[in-house]
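The structure appears right after this line, and notes come after that.
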Amino acid sequence: MSLGTGGRTRPKMVSHFLEKADLVFAIGSSCTRETFTTNIPAGKTIIQSTIDEIDIGKDYPVAEAIVGDAKLVLAQLIEEVKKQLGSAGRTDRDDVAKELKAVKEEWIKTWMPKLASEETPINPYRVIWELSQLMDKGKTIVTHESGGPRDQAIPFYEVTTPGGYIGWGKTTTLGGSLGFAMGAKLANPDKTVINILGDAGIGMAGFDFETAVRENIPIISIVLNNSKFSGYERMLPVASERYNIDRVGGNYTGVAAALGFHTERVEQPGEITPAIKRAQEMVKGGQPAFIEFMTRVDTDFSL
């Protein structure tokens with residue numbers, strides 16, 4: 001019954017049901033209106049629950065407000081719902097579940113040409129899709145960079161376990177996924193931890209790969225190398241045209257190898273899953289792994 005994550009990009013199920021909703025119950029949310037999240041459509045009745053009273057009604061008018069810890073608030077809410085509905089709970093959920101399933105299937109079908117693309121350079125959506133299909137979600141933690149890796153991963157990397165995904169947004173912490181992944185691995189040594197970078201992310205934090213080697217933190221770092229700072233040609237058109245500010249390049253595999261990672265450079269879509277599996281075996285043995293996927297620029301996003 002989960003719709004997925006509402007970020008700057010999102011699964012179609014999020015937009016579909018948010019538009020239809022009579023009531024939006026926001027738990028542990030500041031309800032901030034911005035370009036890096038899914039904004040609440042106008043005219044919705046909103047109940048906002050947050051631990052900080054400063055957030056209440058900050059960007060949206062709310063019908064009801066609850067100031068409190070999300071876990072405590074939800075526990076009390078569940079108790080009250082059980083009192084009102086009885087031990088059997090609701091029995092009329094089939095229509096909603098069927099609708100959700102139908103919307104999801106139609107959405108995936110629309111995107112399947114990219115998710116299963118055989119083109120080279122590799123379509124980045126195929127990398128995300130195969131990663132999502134391959135990993136044991138209960139034993140995996142994934143995080144991403146800001147920019148393209150974030151916008152491509154959020155809709156299509158499906159998470160089934162609390163804590164199995166570290167989502168974040170803006171460019172102010174560019175390169176942060178590497179540190180987040182190392183921290184997550186130290187806190188969860190029995191889990192496979194993966195961070196997904198682009199050219200900008202590895203350019204910002206690439207030499208910190210040495211930290212993972214020196215401190216014996218076996219993570220898997222994936223870079224989607226399209227030799228482009230995608231979107232900058234629109235934001236900075238003059239600098240892009242005159243000074244190629246939107247273009248970047250390099251052999252990132254060579255850098256990671258020199259710093260002590262197990263490395264692979266993948267150019268064919270059929271090698272995505274085998275490369276990830278080999279990386280999994282390396283981190284099981286205690287060595288961090290790096291996979292550089294040579295990808296095309298794809299600026300189509302699920303909105």
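The values are calculated or read from the model by the stated rules, or taken from the named source; none is laboratory data. This structure is a prediction, so every number in the text was calculated from the model and none was measured. Heads up, the Cβs are rebuilt from the backbone with ideal geometry, glycines too, and the neighbour counts pull from every protein chain shown.
Side notes on the structure shown:
- Only listed residue being more than 29 Å from Glu145 (Cβ to Cβ) and among the β-branched types (Val, Ile, Thr), chosen from Ile51, Ile78: Ile78
- Filtered residues of the stretch 189-209 (kept if surrounded by 15 or more Cβ atoms within 10 Å (Cβ to Cβ), more than 17 Å from the chain's Cα centre (by Cα) and at pLDDT 95 or above): Lys191, Phe209
- Test for Gly28: is it over 28 Å from Thr110 (Cα atoms), more than 20 Å from the chain's Cα centre (by Cα) and among the small types (Gly, Ala, Ser): no
- Applying the criterion of being under 19 Å from the mean Cα position of the chain (by Cα) and not in a loop (DSSP other than H, G, I, E, B) to the residues of the stretch 210-228, the residue that is farthest from Ala181 (Cα to Cα) is Asn225.
- Filtering the stretch 19-51 to residues that are outside any loop (DSSP other than H, G, I, E, B), touching a helix residue (DSSP H, G or I) at 6+ places or on another chain (Cβ under 6 Å) and within 18 Å of Gly4 (Cα to Cα) leaves only Ile27.
- In the stretch 9-24, the residue that is farthest from Gly147 (Cα to Cα) out of those that are surrounded by 15 or more Cβ atoms within 10 Å (Cβ to Cβ) and without any contact (Cβ under 8 Å) to a residue 60 or more places away in the chain is Val24.
Every residue, every condition in (1) out of contact with any helix residue (DSSP H, G or I) (no Cβ under 9 Å at 6 or more places or on another chain); (2) surrounded by fewer than 19 Cβ atoms within 10 Å (Cβ to Cβ), yes or no:
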position: Val248; (1), (2): no, yes
position: Gln268; (1), (2): yes, yes
position: Arg278; (1), (2): yes, yes
position: Glu281; (1), (2): yes, yes
position: Pro288; (1), (2): no, no
